[in-house]
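Read the structure below first, then the notes.
The values are calculated or read from the model by the stated rules, or taken from the named source; none is laboratory data. None of these values were measured; they are calculated from a predicted model. Cβ placement follows ideal geometry from the backbone for every residue including glycine, while neighbour counts extend to all protein chains displayed. Note: areas computed on protein heavy atoms with side chains; ligands, DNA, RNA excluded. Shrake-Rupley method; radii C 1.70, N 1.55, O 1.52, S 1.80 Å.
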Amino acid sequence: MPHERFQFTGVGGHQLAATLDTPDGPIRAYAQFAHCFTCGKDVLAAKRIAVALAAKGIATLRFDFTGLGSSEGDFANSTFSSNVADLVRAADHLRETRKAPAILIGHSLGGAAILAAAGRIPEAKAVVTIAAPSDPVHVTHFFKDRIEDIRAQGEGEVSLAGRPFRIKREFLDDVAEQNLMAQVKQLHKALLIMHSPTDDTVGIDNATNIFIAAKHPKSFVSLAGADHLLSGKQDAAYVADVIGAWAERYVDLTPQQAADTGSAPRNVVVQETRNGKFQQIVTTGPHRLIADEPVSVGGDDTGPGPYDFLLTGLGACTSMTMRMYADRKSLPVDRITVTLQHNKIYAKDCEECETREGMLDQIDRIIRIDGNLDADQRKRLMEIADKCPVHKTLTSEVRIVTKAAE
């Protein structure tokens with residue numbers, strides 16, 4: 001499945017690394033995934049579930065929390081509350097660039113964080129927890145022998161999954177102050193709780209607590225035989241299958257089509273992917289394109305460059321305008337091919353140009369018309385090429401109004 005890599009700013013001002021797994025075809029809905037404690041967006045469970053959901057038409061955003069994976073910042077300075085706030089920031093980013101997530105999914109402590117964040121993401125209709133604790137303080141059980149030292153010294157190093165992490169007193173205080181079950185009671189969204197009865201990391205009683213606290217509609221699905229991290233590939237696939245089927249009842253999964261805007265212009269959104277030096281993702285309506293620069297100027301050549309897109313607009317408009325005229329006049333035109341090139345020339349070399357000094361932009365446009373046409377018909381079609389709206393825009397006074405986003 002295709003995926004886009006980019007960054008967004010977290011509540012601490014750090015750049016958080018994110019991946020959006022997207023379908024090959026139309027997007028039916030957007031989802032957001034929160035990974036487990038000290039894991040990352042590329043942990044097998046998160047990656048497999050996101051890819052499987054993309055195959056079902058659900059685009060899924062996953063990102064590294066502060067100080068983890070490729071995200072900036074110091075993990076020791078993060079708390080459960082700051083992770084919840086970053087989940088809200090991630091949803092804000094989706095809302096601004098695509099569409100807010102309708103489905104929220106959280107694994108382990110990420111499940112608890114999703115429950116806490118759900119009320120602050122109004123567009124979310126369905127919430128899914130996988131092996132989630134009913135109280136965030138549960139995570140301190142993994143380093144309970146170090147809690148007294150951390151409180152006394154202000155911070156301390158703990159070993160989690162064989163890796164060292166620094167935990168501060170502020171983290172302990174923050175998880176102790178959470179009242180997650182009160183938030184679950186006020187969720188007012190469809191809830192799916194998935195948990196393995198043999199989970200020896202977060203016991204099944206946590207799922208029971210969440211289920212009892214939640215109001216309907218609520219559902220429970222047993223992940224019999226699965227371990228806490230869903231390390232079995234078939235388990236992640238099963239989770240994605242269930243989420244896709246369950247969400248149908250609560251989320252409009254009709255493939256998103258281009259809006260009928262009539263004569264209104266359609267927005268073009270261009271955003272850095274942070275994958276390489278120059279790569280951009282270009283979105284307009286339901287269409288997605290990649291822009292980049294050639295290797296010769298520091299890019300990776302993963303897509304057309306800015307001037308390539310400019311020539312594309314002129315070439316497409318030229319061909320479309322000529323085709324409309326040919327069809328209206330019933331001219332026997334088989335195919336129109338437009339080849340364009342952009343160059344800089346000296347103004348003094350252009351006899352018909354008003355500017356006499358410095359450099360000028362010149363676009364060379366070669367038009368090939370296949371069909372059984374006479375000389376007059378070909379001449380008229382060539383005249384029509386200059387009436388293309390984009391041609392008129394490029395050769396007229398253009399006013400560009402630039403504003404800072406709020």
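Do we have any residue at all in region 358-365 that's outside any strand (DSSP E or B) and either under 42 Å from the mean Cα position of the chain (by Cα) or over 17 Å from residue 378 (Cβ atoms) (or both)?
Filtering region 358-365 for residues outside any strand (DSSP E or B) gives 358.
Now narrow it down to the ones that are either under 42 Å from the mean Cα position of the chain (by Cα) or over 17 Å from residue 378 (Cβ atoms) (or both): 358.
Scanning region 358-365 turns up at least one residue that is outside any strand (DSSP E or B) and either under 42 Å from the mean Cα position of the chain (by Cα) or over 17 Å from residue 378 (Cβ atoms) (or both).
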Looking only at region 389-398, decide whether some residue is in contact (Cβ under 8 Å) with a residue 60 or more places away in the chain and either touching a strand residue (DSSP E or B) at 6+ places or on another chain (Cβ under 8 Å) or open to solvent by 80 Å² or more (accessible area, probe 1.4 Å) (or both). yes
Looking at this structure, is residue 366 out of contact with any strand residue (DSSP E or B) (no Cβ under 7 Å at 6 or more places or on another chain) and either touching a residue at least 24 places away in the same chain (Cβ under 8 Å) or of a type in the set (A, V, I, L, M, F, W, C) (or both)? no
Considering each residue of region 39-53, count those that are open to solvent by 10 Å² or more (accessible area, probe 1.4 Å) and β-branched (Val, Ile, Thr), and give that number. 2
Within region 279-297, track down each residue that is in a helix (DSSP H, G or I) and either at pLDDT below 85 or crowded, with 16+ Cβ neighbours inside 10 Å (or both). none
The correct count of residues that are surrounded by fewer than 24 Cβ atoms within 10 Å (Cβ to Cβ), of a type in the set (Gly, Ala, Ser) and outside any helix (DSSP H, G or I) in region 54-65 is 1
Restricting to region 1-47, name every residue that is of a type in the set (Phe, Trp, Tyr), within 11 Å of the chain's Cα centre (by Cα) and either under 23 Å from residue 278 (Cα atoms) or assigned to a loop (DSSP other than H, G, I, E, B) (or both). 6, 8
Check residue 265 against each of (1) under 23 Å from residue 94 (Cα atoms); (2) at pLDDT 85 or above; (3) more than 22 Å from the chain's Cα centre (by Cα) and name the one condition it does not meet. (2)
Determine, yes or no, whether residue 354 is over 30 Å from residue 271 (Cβ atoms), free of Cβ contacts under 8 Å to residues at least 60 places away in the same chain and surrounded by fewer than 11 Cβ atoms within 10 Å (Cβ to Cβ). yes
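State which residue is least open to solvent (accessible area, probe 1.4 Å) when the search covers only region 213-233 and only residues that are in a loop (DSSP other than H, G, I, E, B) and closer than 22 Å to residue 182 by Cα. Write out each step before concluding.
The first filter runs over region 213-233 and keeps only residues in a loop (DSSP other than H, G, I, E, B), leaving 214-217, 223-232.
Next, from what is left, pick out any that are closer than 22 Å to residue 182 by Cα: 214-217.
Working: 214: 6, 215: 118, 216: 146, 217: 53 Å².
Only one residue fits best here, namely 214.
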